[in-house]
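Structure, as structure tokens:
The values are calculated or read from the model by the stated rules, or taken from the named source; none is laboratory data. Note that the structure is a prediction, hence the values are computed from the model and not measured. We place every Cβ from the backbone using ideal geometry, glycine too, and count neighbours over all the protein chains shown. When the accessible area is computed, the model is the full protein with side chains, heavy atoms only, and any ligands, DNA or RNA have been set aside. Shrake-Rupley method; radii C 1.70, N 1.55, O 1.52, S 1.80 Å.
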Amino acid sequence: MDERELRPRPPAPVVAVLAGGLGRRIGGAKARVELAGRPLISYPLRAASEAGLAAVVVAKQDSQLPPLQVPLVREPDGPRHPLCGVLAALGHADGAVLAVACDMPFLSARLLAWIAALDEAAVAEVDGHRQPLPALYPVAAVPVLERALVRGDSLRAALQLLHARAIGEQELRGFGDPRRLFFSIDDASDLLLAESWLRER
């Protein structure tokens, strides 16, 4: 018997939907903003469920959220930085965390399942730029991420320190248009564009 078969398989990554931002450009409470009659946060949560992955929502004490059917993990009140949410999720999970933003309505279940099956830190690259969410963060990354947070590094910089695998557009196209898959809603114009794309379906 292969020695690798005797090793226990690590638990599947938990999808951590980060919802601790202020959402100033869209009027606040971004997770509750409605798109086609549903709160934004419901879209990545549905994708995680359809992928067969456990999910949590990570938010600050003062974050305004719609009713949730998944566990809520509270991150520290400060600083306001997505690394706070990633670290809080890693502290809650038994293994790796697949961190996504609450404002990404076009993430697909197939894409999340595929990223979750990777065995290393991973980040997508679209239009020559690394997209820090969604990204896969192994539990072994915690010390590196903690130091990055103290320095105020961006998520992109932290992933660079982790030597994260870059998932290129050629791989991503198997799941759809990369620009749409990774589209995030920051303001009212983004919301209108997302509504027009949903009507195309």
**OP:** Considering only the range 120-136, state which residues are in a strand (DSSP E or B), of a type in the set (A, V, I, L, M, F, W, C) and without any contact (Cβ under 8 Å) to a residue 60 or more places away in the chain.
**Re:** Ala122, Val123, Ala124, Val126, Ala135
Original post:
So Leu118 clears everything in (1) of a type outside the set (Lys, Arg); (2) under 25 Å from Arg25 (Cα atoms); (3) open to solvent by less than 60 Å² (accessible area, probe 1.4 Å) except one condition, right? Which one?
Top reply: (2)
Original post:
Does the range 141-151 contain at least one residue that is within 20 Å of Ala88 (Cα to Cα) and not in a helix (DSSP H, G or I)?
Top reply: no
**OP:** Could you list all residues from the range 154-164 that are outside any helix (DSSP H, G or I), touching a residue at least 24 places away in the same chain (Cβ under 8 Å) and open to solvent by 40 Å² or more (accessible area, probe 1.4 Å)?
**Re:** His163
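Residue by residue, here is whether (1) under 25 Å from Val70 (Cβ atoms); (2) touching a Pro at 6+ places or on another chain (Cβ under 9 Å); (3) open to solvent by 60 Å² or more (accessible area, probe 1.4 Å); (4) of a type in the set (Val, Ile, Thr) holds:
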| position | (1), (2), (3), (4) |
| --- | --- |
| Leu111 | yes, yes, no, no |
| Pro134 | yes, yes, no, no |
| Leu149 | yes, yes, no, no |
| Gly152 | no, yes, no, no |
| Ala166 | no, no, no, no |
| Gln170 | no, no, yes, no |
Original post:
Could you list, in sequence order, the residues of the range 9-52 that are buried (at least 16 other Cβ atoms within 10 Å of the Cβ) and assigned to a strand (DSSP E or B)?
Top reply: Val14, Val15, Ala16, Val17, Leu18, Leu35, Pro39
**OP:** Give the residues of the range 53-68 that are open to solvent by 70 Å² or more (accessible area, probe 1.4 Å) and touching a residue at least 12 places away in the same chain (Cβ under 8 Å), sorted by residue number.
**Re:** Gln61, Asp62, Gln64
Original post:
Considering only residues of the range 121-132 that are touching a Leu at 6+ places or on another chain (Cβ under 8 Å) and surrounded by fewer than 20 Cβ atoms within 10 Å (Cβ to Cβ), which is farthest from Gln61 (Cα to Cα)?
Top reply: Val126
**OP:** State all residues of the range 75-104 that are in contact with a strand residue (DSSP E or B) (Cβ under 7 Å, 6 or more places away or on another chain), over 16 Å from Pro134 (Cβ atoms) and either open to solvent by 40 Å² or more (accessible area, probe 1.4 Å) or part of a strand (DSSP E or B) (or both); if no residue qualifies, say none.
**Re:** His92
**OP:** Among the residues of the range 172-195, write down those that are over 26 Å from Leu22 (Cβ atoms), part of a helix (DSSP H, G or I) and open to solvent by less than 60 Å² (accessible area, probe 1.4 Å).
**Re:** Leu172, Gly174, Phe175, Pro178
